[in-house]
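Only the coordinates and a few stated rules stand behind these numbers; no lab work does. In this text the structure is predicted, and so the values were computed from the model without any measurement. Virtual Cβ from ideal backbone geometry, glycine too; neighbours counted across all protein chains shown.
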Amino acid sequence: MRRPAFFLVLTIAVAASSGCYSSDYRRTIAANVSLLSDMSDKLADYCRTYFKLDDRQLSSEEMGEFYYAFNKANAFSSSTPREASRPSHRDFVKLLNTYEKFAHAADEYRLGGKPDPAVLASLLSQHDQVRHLAGKVTEDLRNERD
């Protein structure tokens with residue numbers, strides 16, 4: 001009599017924890033999408049002003065916040081291999097790759113020494129792609145079942 005009750009409790013606990021995991025995945029991926037999107041907006045703003053803050057150039061140390069956002073989101077993605085088949089996860093990986101390329105290209109532009117309208121246009125296009133993919137992940141999350 002005790003064994004069936006134990007297995008029933010165990011089954012309920014597993015089901016509840018998997019529901020929490022799924023809910024945690026949704027909440028955490030949404031937070032990471034928001035982080036990358038917000039940081040992409042900030043980086044695009046810096047690109048538009050050629051990395052000027054008041055009367056000085058943005059430093060390499062200050063650029064670290066953009067790489068930190070990538071590293072944080074990438075660590076999350078790497079920790080969710082069970083979710084790899086979900087459209088939201090696949091599009092999140094695309095978002096990560098696009099954001100990383102944008103951050104590196106913007107940093108190279110900053111280090112280039114002079115404003116260049118063609119490079120700026122390319123960077124703003126990359127920013128638009130980050131925003132598009134962030135919207136795609138958000139849409140995927142709305143359409144996915146837990």
Segment 26-143 -> Rg/Rh from Cα coords, Kirkwood Rh, value 1.01
Note: residue 56 to residue 42 extended length (0.36 nm per residue) minus current alpha-carbon separation gives 3.4 nm
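Net charge near residue 89: determine it from the other residues with C-beta under 13 Å of the C-beta of residue 89, scoring Lys and Arg +1 and Asp and Glu -1.
+2
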Rounded to two decimals, the Debye log10 I(q)/I(0) of segment 86-146 (Cα scatterers, no solvent) at q = 0.20, 0.29 Å⁻¹ is -0.72, -1.11
Going from the fewest other Cβ atoms within 10 Å to the most, one would list 98, 28 as 28, 98
Quick calc: nm separation of the 7 Å Cα→Cβ label points for residue 144 and residue 71 -> 2.6
Restricting to Cα pairs under 8 Å and 6 or more apart, the percent relative contact order of segment 26-143 works out to 41
Over 26 Å (Cα to Cα) among 72/94; 52/94; 94/114 -> 52/94; 94/114
Expressed in angstrom and rounded, the centroid-to-centroid distance over alpha carbons for segment 78-125 and segment 21-73 is 11
